[in-house]
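Only one structure is covered here, and it is reproduced in the block below.
Values quoted throughout were computed directly from the atomic coordinates according to the rules given, and no laboratory measurement underlies them. Keep in mind the model is a prediction, meaning the values are calculated, not measured. Neighbour counts run over all protein chains shown; Cβ positions are idealised from the backbone, glycine included.
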Amino acid sequence: MPAVKTVLLICTGNSCRSVMAAGLLRELLKDKGAYKITTAGTASFKGMPPTEQAIHVMSEQGIDISGHRSSPLSNAAIEEADLILVMEKRHKEIILARAPSAKGKVHLLTEFGRAEKEDKLVDPDILDPIGKPLEFYRKAFDIIKESITRTAKKLEEAK
């Protein structure tokens, strides 16, 4: 894998999963060099804050995402990114339909950096917790945390 400088994290509304993932990835890479971590949503509106539950779960981790504002996915963001990590298979399909040239840099977050010898995931999608109780957000974050920790390690190894 060539060195990655710009990482784009994608979910649907850009108010929960991609925001939590970006907050954690920024935290893990803050002393590791010049990474640009961006987010967008495949069906988001511009300027919406994260959900209260996402803010709460991240504050439990000591990470403040309250200043985030949502951004719809743009062709420019796809083009600029060196690595695009998505929460669901359908997000990957949407990106590749818009920008087939992005094929080599779009990955499911849960699968990125997994060793070949590891068992395949039964469901690689990180389900959307929007509109659900706080416990669903915590479950989504636990999956995100495992995947983002592995991602940060892989990015550093590729430097």
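The amide H of residue 5, built 1.01 Å from its N in the peptide plane, has 82 as neighbours under 5 Å, considering only residues 5 or more places off or on other chains. The per residue volume of the convex hull around the alpha-carbon atoms of segment 13-90 is 101 Å³.
Here each label is just a point 7 Å from Cα along the line to Cβ, and for residue 63 and residue 146 those points are 1.7 nm apart. Rounded to whole numbers, the Karplus 3J(HN,Hα) couplings from phi for segment 27-36 are 4, 5, 9, 4, 10, 10, x, 8, 9, 10 Hz, using 6.51 cos²θ - 1.76 cosθ + 1.60 with θ = phi - 60°, and x at Gly and Pro.
Cross-link partners of residue 132 among aspartates and glutamates, defined as those whose alpha carbon lies under 13 angstrom from its own and excluding same-chain residues fewer than eight positions apart: 52. Normalising the Debye intensity of segment 27-159 to I(0), with uniform scatterers on Cα atoms only, and taking log10 at q = 0.11, 0.13, 0.14 Å⁻¹ returns -0.42, -0.60, -0.71.
Can you tell me which of 108, 83, 96 moves the most in a GNM of the chain? Springs connect C-alpha atoms under 10 Å apart. Evaluated over the chain, the most mobile residue of the options is 96. Comparing 58, 20, 48 in a Gaussian network model of the chain (Cα springs below 10 Å), the most mobile by mean-square fluctuation is 48. Each residue of segment 97-106 was assigned a 3J(HN,Hα) from its phi angle through the Karplus curve 6.51 cos²θ - 1.76 cosθ + 1.60 (θ = phi - 60°); the sequence is 5, 7, 9, x, 5, 7, 3, x, 10, 9 Hz, with glycine and proline shown as x.
From largest to smallest, the equivalent ellipsoid semi-axes obtained for segment 65-107 from the alpha-carbon gyration tensor read 19, 12, 10 Å. Classified by the C-alpha gyration tensor, segment 30-71 has an oblate form. Its axis ratio a/c, with a ≥ b ≥ c, is 1.5 or above, and a/b does not exceed b/c.
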